[in-house]
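The values are calculated or read from the model by the stated rules, or taken from the named source; none is laboratory data. Keep in mind that what you see is a predicted model, and the values were worked out from it rather than measured. Every residue, glycine among them, receives a Cβ derived from its backbone with ideal geometry; neighbour counts consider all protein chains shown.
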Amino acid sequence: MDIATAPAPSASPVVDNAAMQPGWLHLSGSLMRPMSLSLDALRQYPAAVCKAFDLRCYTTGRFIRTVAPYRGVRLTALLEQAGLRNDVHGDFKRMVFLAIGHDGYFVTFSWHELFNTPVGEQAIVAYECGGAALDAHDGGPVLFCGADRVPAPRHVKRLARIEARVLAL
Ligand SMILES: Nc1nc2c(c(=O)[nH]1)N[C@H]1C(S)=C(S)[C@@H](COP(=O)(O)O)O[C@H]1N2
Ligand SMILES: [Mo]
């Protein structure tokens, strides 16, 4: 994996997620090459496909709907291209990734589960569902983790940003 050791930039600027252009995904935070990608740019990466699943709310147990298979790019592929910073030895092992929707809803992934467990193989940024393109007006791109027991929390509609953060005690 591509890991930087150069000095860190100053603190991340405050980002207004709602002001971001619908359909665009930004990768920010503790990365060597922060990126902004359109839905069409996401479609150029190697594709991964997840199985159809029942969307069910974790909080209420409510069945929402059955969702056809998503096709998208793995989150790990995007993060590998952006390159993780490693300003202090082993920083990447203390890294978490925030997947943030345009409405400010967000969920987390740890570096370990994405890069060091099978979960990472099924954590995708989807641009297609059941063979049909997911555009910005359909809520795309969607962040989906196919390994989760209850899939609704890490099913982020209108995904706007992935932010890499190194945790400190
Ligand atoms: N952007 C965004 N995605 C989200 C949420 C949200 O509030 N914002 N809520 C999550 C939760 S807790 C649930 S139960 C489902 C609800 O899906 P629905 O809006 O299609 O019913 O979306 C998930 N994805
Ligand atoms: Mo939920």
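Quick check on my filter: what residues within region 70-121 are within 23 Å of Phe53 (Cβ to Cβ), part of a strand (DSSP E or B) and not hydrophobic (A, V, I, L, M, F, W, C)?
Within region 70-121, Tyr70, Arg71, Gly72, Arg74, Gly101, Thr108, Ser110 qualify.
Between a first residue in region 51-75 that is surrounded by 15 or more Cβ atoms within 10 Å (Cβ to Cβ) and a second residue that is acidic (Asp, Glu), which pairs have beta carbons less than 6 Å apart while being 6 or more apart in sequence or on different chains?
Arg71/Glu128
Could you tell me which residue of region 145-156 is nearest to Thr76 (Cα to Cα), considering only residues that are within 12 Å of ligand 1 (Cβ to nearest atom) and either modelled with pLDDT under 95 or more than 11 Å from the chain's Cα centre (by Cα) (or both)?
Checking each candidate, the answer is Asp148.
Exactly one of these conditions fails for Thr108: (1) within 16 Å of ligand 1 (Cβ to nearest atom); (2) buried (at least 20 other Cβ atoms within 10 Å of the Cβ); (3) of a type outside the set (Gly, Ala, Ser). Give me its number.
Failing condition for Thr108: (2).
Within region 34-42, is even one residue modelled with pLDDT under 95 and more than 13 Å from the chain's Cα centre (by Cα)?
no
Return the residues of region 120-151 that are within 16 Å of ligand 2 (Cβ to nearest atom), buried (at least 20 other Cβ atoms within 10 Å of the Cβ) and either under 14 Å from Arg71 (Cβ atoms) or among the small types (Gly, Ala, Ser) (or both); say none if nothing qualifies.
Correct list: Val142, Leu143, Phe144.
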